[in-house]
Amino acid sequence: MRRSPEAVIDANVLVYDTFSDSVYHESAAALLDRLEPGTCRSW
């Protein structure tokens, strides 16, 4: 059985995506937008 691809996201990416006034916001948002649904699991 083939496993789905998985990704580990650094917490900083999530923080930068949250704060639109961050200089890294656009980059973080673009990175998260490229992930396919189900790529990251939460626990």
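Tabulated values for the structure
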quantity	calculated
Cα long-axis angle, helix 25-34 against the chain (0 to 90 degrees, to the nearest 10)	20
Linear extension gain, E6 paired with S27, 0.36 nm per residue minus alpha-carbon span	5.6 nm
Zone residues, region 27-42, relative to V13, backbone N less than 13 Å from point 7 Å out along Cα-to-Cβ	27-41
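Laboratory data are not the source of any read-out in this text; all were calculated from the coordinates shown. These figures come from a predicted structure and were not determined experimentally. Cβ coordinates were reconstructed from backbone atoms using ideal geometry, including for glycine residues, and neighbour counts include every protein chain displayed.
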